[in-house]
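Right, one structure below, let's go through it.
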Amino acid sequence: CAVKAAHVLSEIAKNEEMKKPCIEADLVLTLIPLLESRDQEMLLHAGRAIGRICYDNHDLQEELVKVGVIPSLVRILSDHAESEPLVHVALLALYNLADLDTAKEALSKTKVAEQLVRQLRRAENHERLEIVFEVLQALAENDALKVQLVEAGVPEVLSEILLRLQGSSQAEDTCIVKAASDLIVSLLLGADAHLSLELKAAKHNAKALVLVLSRHENSQGKNSLNSQLALLLSLYGNCLRMVQLGVIHQLLDLLEKHVQSGDTSVQHAALSALQNLAIPVVSKVQMLEEGVAERIEALLKSESPPVQFKLLGTLRMLADGQADAAEVLGQDPMLLNRLVQWCDMNDHTGVCGEANRLLASILHHNRSQEVVKAIQEAQGVKHLVSMTSSEHAATQNEALNALAVASAIDLETLEESFKESQLVQSLHKLLQDDNTSPEVKYNSMGLLCRLLNSGDLRQEIEEDRIKETLEQLCSHSNANVVKEAVTTLQVLRGDT
């Protein structure tokens, strides 16, 4: 009579008023051992009865986990994967328990990830997909389970679903596409996710991520779209694959669309993604060949400081180590004029700093007299000289190196600007200041050696009594500073 009794209980438990008598009669603890039965009908009725009695009862649900219901549910999924009613009961039970930390911990010790992948692959209707998605979304909040889900291939299956439903205009399909996209984001990104997990997942799932991005037209709200774009930012180890799959064009299309609509949050997110994708040298070359620099310059008219900041950072990343890019950017009058304007934005120090750094990067990486002349004509030299007195050593060094490169290319063009901006005096202060870092002192002397090739600047150096400071630096505690001081003195004296 056990199967019939379980069936009766499952029907009785449909009534809200009957749940309490069932609990008081300890029927839940009596039913749990029946989940070990091999009789499918027994499993079905016992599972339904337990689920209905414990629904929305936190204490009872905790008790279920405590007495070991989780392994039984996973075993049902494993042993009866072809039984639609039993799978449905097991999934509903997991859905109701999955929010409990104790349940997540218990599930992490099972092979639930493999079973959920199995159910994703065989799901033939939207309802089944939705319930599996709900369970996966809850489990993805746990780091240990997130690793298992990724290793079991959940993102691959989700990408297959996205491919299958891509382009469908049916409302049900649109909901599934959104849920699958959000789930990919949850699995591959999160404040609690480890970088190694993200990279491991991204290694095989770049295509899924591109698909997530491609569905931006149907995205419901900025936050959803921004979270998907932000996903790309964590993928440094997979940038090459992302570029190869054409994500750059999707980002640029997205960027241009929202430039027109004025949506600065999306512009900022898209630029952040492009900036990270531009880190590998190979990606820089491909992005430049595909006209990325020219297309994102459309944002130069933006009045949004966050967008301006990201735009400058993206262009600087593209120019880093790329002479061709530096020459293209360094001969763009509109860009240079905008840069010089932003260098004066004292009310937005982030934009001001990035504008100066991009200017320095263009000079540093270029090898063209035309670029030096263009920056001189745009009155950008004085800003680079001002950078040498920054409170940040890294910024000082960027400016010093850029000015040294520019001086080696075309000192004659820069000579007048150097005198007007009192570059020699600024360098002397850096050499005299005990708080100046050894690297800044070293680079300052390297620039001085370049300036000595100009008769007028040499005269300024001699009149400013820099020789005495250099002699003092010959006894500096840093060996590199001492070596450069000796070299600079030799050049100053005309010994070399």
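Here are some notes:
- Looking only at residues in the range 37-59 that are in a helix (DSSP H, G or I) and surrounded by fewer than 13 Cβ atoms within 10 Å (Cβ to Cβ), the one that is nearest to the chain's Cα centre (by Cα) is HIS58.
- For the range 164-176, a residue qualifies if it is under 18 Å from LEU136 (Cβ atoms) and either in contact with a strand residue (DSSP E or B) (Cβ under 9 Å, 6 or more places away or on another chain) or modelled with pLDDT under 80 (or both), and exactly one does: LEU165.
- Which listed residue, of THR395, THR496, is open to solvent by less than 40 Å² (accessible area, probe 1.4 Å) and either at pLDDT below 95 or in contact with a Ser or Thr (Cβ under 7 Å, 6 or more places away or on another chain) (or both): THR395
- Unique residue being of a type outside the set (S, T, N, Q) and open to solvent by 10 Å² or more (accessible area, probe 1.4 Å) when the list is VAL371, VAL405, VAL381: VAL405
- Check on SER108, under 21 Å from ALA93 (Cβ atoms) and open to solvent by 10 Å² or more (accessible area, probe 1.4 Å): yes
- Filter result for the condition that a residue is farther than 27 Å from LEU448 by Cβ and in contact with a Cys (Cβ under 6 Å, 6 or more places away or on another chain), over MET317, MET334, MET345: MET345
- Cβ-Cβ under 7 Å pairs, at least 6 apart or on other chains, the range 134-147 side closer than 17 Å to LYS109 by Cβ, far side aromatic (Phe, Trp, Tyr): VAL135/TYR95
Residue-wise test of (1) among the charged types (D, E, K, R); (2) assigned to a helix (DSSP H, G or I); (3) in contact with a Gly (Cβ under 8 Å, 6 or more places away or on another chain); (4) within 20 Å of ASP56 (Cα to Cα).
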{"site": "LEU92", "(1), (2), (3), (4)": "no, yes, yes, yes"}
{"site": "TYR95", "(1), (2), (3), (4)": "no, yes, no, yes"}
{"site": "ASP99", "(1), (2), (3), (4)": "yes, no, no, yes"}
{"site": "THR110", "(1), (2), (3), (4)": "no, no, no, no"}
{"site": "LEU116", "(1), (2), (3), (4)": "no, yes, no, no"}
{"site": "GLU124", "(1), (2), (3), (4)": "yes, no, no, no"}
{"site": "LEU129", "(1), (2), (3), (4)": "no, yes, no, no"}
{"site": "LEU136", "(1), (2), (3), (4)": "no, yes, no, yes"}
{"site": "GLN148", "(1), (2), (3), (4)": "no, yes, no, no"}
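- Residue that is surrounded by the most Cβ atoms within 10 Å (Cβ to Cβ) [pool: residues in the range 79-97 that are touching a residue at least 12 places away in the same chain (Cβ under 8 Å) and more than 12 Å from GLY51 (Cα to Cα)]: VAL87
- The listed residues are THR469, THR436, THR488, THR413, and the only one of them that is open to solvent by 30 Å² or more (accessible area, probe 1.4 Å), free of Cβ contacts under 8 Å to residues at least 60 places away in the same chain and of a type in the set (Val, Ile, Thr) turns out to be THR413.
- Test: residue in the range 19-32 that is touching a Leu at 6+ places or on another chain (Cβ under 9 Å), of a type outside the set (Gly, Ala, Ser) and not in a helix (DSSP H, G or I): no
- Qualifying residue in the range 346-362 (condition: crowded, with 16+ Cβ neighbours inside 10 Å and in a loop (DSSP other than H, G, I, E, B)): no
- Residue within the range 181-190 that is open to solvent by less than 10 Å² (accessible area, probe 1.4 Å) and at pLDDT below 65 present: yes
The values are calculated or read from the model by the stated rules, or taken from the named source; none is laboratory data. Here the structure is a predicted model, which means the values were calculated and not measured. With ideal geometry, Cβ positions are generated from the backbone for all residues, glycine too; neighbour counts draw on all protein chains shown. Just so you know, the surface numbers come from the protein's heavy atoms only, side chains and all, with ligands and any DNA or RNA stripped out. Shrake-Rupley method; radii C 1.70, N 1.55, O 1.52, S 1.80 Å.
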